[in-house]
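Read the structure below first, then the notes.
The values are calculated or read from the model by the stated rules, or taken from the named source; none is laboratory data. All values reported here derive from a predicted model rather than from experimental measurement. No Cβ is skipped: glycine too gets one built from the backbone with ideal geometry, and neighbour counts run over all protein chains shown. With ligands, DNA and RNA removed, areas are computed over all heavy atoms of the protein, side chains included. Shrake-Rupley method; radii C 1.70, N 1.55, O 1.52, S 1.80 Å.
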Amino acid sequence: MKKYWKKFLNLKIRDKILYSNLTIILLIFLVLGVSIYRFSGQLAVDSFKTYSSKLMNQLSMNLSSHINDLGDFAAAQYMNSAISEYLDYDSKKDSVKKQYSRKKYIESYAYNLMNYRTEVKMVSVEDSHGCFYTNMRELEDLAPSSEKLAELVSYDQAVEARGRLVWHAYDEKMILASRVLYDRNTMQTAGIMTLGVDKRFFEEIYAGISDNKINGLVLLDQDGNVLLSTNDESRAFAEAVIKKEKLSQESDREIYYQFQKYIYSLKKTQKDNLYIMNIVNQERLMSDTKEIFRPFLYASALAIVLAVILSGLLSSTMSKNIKLLLQKIQSFSKGDFSNRIEPDTRDEIGELSIEFNKMSDEIQCLLEDIAEEKLKNKDAEIKALQSEYDSLQAKINPHFLYNTLESINSMAKIDGEEEIARAIQLLGNYLRDTISRENRFITLGQELENVMDYAGIQQIVHGDRLQFEVNADEILLDAIVPKLILQPLVENAIVHGLEPKCGKGRIEIEIKCSNKDLCIYIRDDGVGIRPDRLENNMIVEQEKTSGHSHVGIWTVHKRLQILYGEEYGIMVESREEEGTTILVKLPIIFEGDEDV
């Protein structure tokens, strides 16, 4: 505490006055504001609970009255009709004529019922044999199928209710209410009747009672399913609450839902197996409280403004140079070192401005030196990369010449002149393309021609043991690639993959694009590579000891990374005794796209 008090004492007079006034005013208004807000908020919650209790009682009475009226009317119509006699029949002795007569009578009964009660949109009767007789008020409304009704309405549940209505949700326009039908003579169960009640019938009950801007009402059936709601938010809240909590006769609770606090009241109607839920978002409930709190906030803001003005009047002569220095520091932070500060006084602020000008000059000189050094380093790096590339390419060109001449020499001793002539022609084509240093980049098609010359020479050497296949997208053959990137890889596949293998061998070259990259796959069915020679999809680089090594793969890999970056190069996948796949990845570049 002493540390902060000492810092306060070291502040300027203007700041001391300003902070003192602001602290006192803020503390007073903070204590008063929190107290008033909490008190008014609790008062609003208590008032809502009282209002909700009265609202739920009124809604419960209105709902029970309307439902009892509907149920009594349906029961009276049933008792005054002969429908029970039509429902009592022997299914084994039932005839088509009786079925037609029964259907017509129940339809007539349903139409009469719907004509008397406009809120009834559908009447469906299910007899004890599982047969349904369904009629809709509106012809354009499609009546639910028997299977749909059997799925929604439980026959046993309606029977167990013993004359009370059992409710089921159906769609956005209608709610289903089912009750058991008894034979008037034997009082045995004759079937059940399901009424499709228009949802507007219920909406009229709470019209004028509920304020949808503040609270939401939800009507639930005996199983906790939502029958109707005043808005989608209330429906989603009720469904979430019912999943976590069991239905009770009455409850008033405050819970959090989707990071917001809600208050809800639940009440069960006396005879109808229905539940009414009244829901309010506490933030909306507190909106009136916030309106009451607004004048208090205005008074706080006015007091703060007066404190600032008073502090400014007491120390107006102390701010000019400070503002000027602050503006220059902001320009300095954005990289502008050219502006200089010209202080009006020679006090502490003036001396600070002069030192700031000196620092700005020194930093500007230092940045210029760093930029010049970076340019020099960049030029040196580019020259080093070019030198390494030229060295790597030079390493490739003579690599094959010795092996080919050795093969031709051996063939001259064993075969005739015709094969030797063809080998020399292919060798001439190959050397003309590779040894020439006129262009370091050629088209992919030219590179493939060079590879096929090399493959022809190898087929002369190995006979029908060696088979080549090329699959390429013709559009990609015009792509520009570095010279001599495929022949070392094909040579590697022959020497290390196919020559150690007994029998015939096959090499496939597949060329395709992946997004903006050119992908060249070189596959062989040779002896493969041992797992200990592979690391991160690349052959472990080793010193050459005798004979051939995998130097060709590493040479091409380094060339591609020098030219295009570390995201390009070669990836190797191999399984022993199954073969090897080499992926060459480089960007797709056509002539004229950029300098290569």
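Before moving on, here are some points about what is shown:
- Test: residue in the range 96-103 that is open to solvent by less than 40 Å² (accessible area, probe 1.4 Å) and either at pLDDT below 80 or more than 30 Å from residue 251 (Cβ to Cβ) (or both): yes
- Residues in the range 109-136 that are of a type in the set (Gly, Ala, Ser) and at pLDDT below 85 were compared, and the one that is surrounded by the fewest Cβ atoms within 10 Å (Cβ to Cβ) is 130.
- The set of residues in the range 178-210 that are open to solvent by 20 Å² or more (accessible area, probe 1.4 Å) and small (Gly, Ala, Ser) comprises 207, 208, 210.
- Residues within the range 474-498 that are surrounded by fewer than 17 Cβ atoms within 10 Å (Cβ to Cβ) and free of Cβ contacts under 8 Å to residues at least 40 places away in the same chain, tallied: 3
- Qualifying residue in the range 81-90 (condition: among the aromatic types (Phe, Trp, Tyr) and surrounded by fewer than 16 Cβ atoms within 10 Å (Cβ to Cβ)): no
- For the range 533-547, the count of residues that are modelled with pLDDT of 85 or more and part of a loop (DSSP other than H, G, I, E, B) is zero.
- Hey, residue 175 within 29 Å of residue 81 (Cα to Cα), open to solvent by less than 40 Å² (accessible area, probe 1.4 Å) and under 39 Å from the mean Cα position of the chain (by Cα) or not: yes
- Picking from residues in the range 225-236 that are in contact (Cβ under 8 Å) with a residue 24 or more places away in the chain and more than 18 Å from residue 255 (Cα to Cα), the one that is most open to solvent (accessible area, probe 1.4 Å) is 225.
Yes/no per residue for (1) crowded, with 16+ Cβ neighbours inside 10 Å; (2) modelled with pLDDT under 90; (3) touching a helix residue (DSSP H, G or I) at 6+ places or on another chain (Cβ under 7 Å):
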| position | (1), (2), (3) |
| --- | --- |
| 444 | yes, no, yes |
| 454 | yes, yes, yes |
| 470 | no, no, yes |
| 508 | yes, no, no |
| 511 | yes, no, yes |
| 515 | no, yes, no |
| 519 | yes, no, no |
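Yes/no matrix, rows are residues, columns are (1) under 33 Å from the mean Cα position of the chain (by Cα); (2) at pLDDT 85 or above; (3) in a helix (DSSP H, G or I):
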| position | (1), (2), (3) |
| --- | --- |
| 151 | no, no, yes |
| 162 | no, no, no |
| 190 | no, no, no |
| 197 | no, yes, no |
| 201 | no, no, yes |
| 211 | no, no, no |
| 218 | yes, yes, no |
| 222 | no, no, no |
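- Residue 266 being closer than 24 Å to residue 65 by Cα and buried (at least 19 other Cβ atoms within 10 Å of the Cβ): yes
- Flag if residue 558 is at pLDDT 90 or above, within 24 Å of residue 441 (Cα to Cα) and either in contact with a helix residue (DSSP H, G or I) (Cβ under 8 Å, 6 or more places away or on another chain) or part of a strand (DSSP E or B) (or both): no
- Boolean, residue 158 is crowded, with 22+ Cβ neighbours inside 10 Å, assigned to a helix (DSSP H, G or I) and out of contact with any Pro (no Cβ under 7 Å at 6 or more places or on another chain): yes
- Residue within the range 137-149 that is within 27 Å of residue 239 (Cα to Cα), part of a helix (DSSP H, G or I) and open to solvent by 50 Å² or more (accessible area, probe 1.4 Å) present: yes
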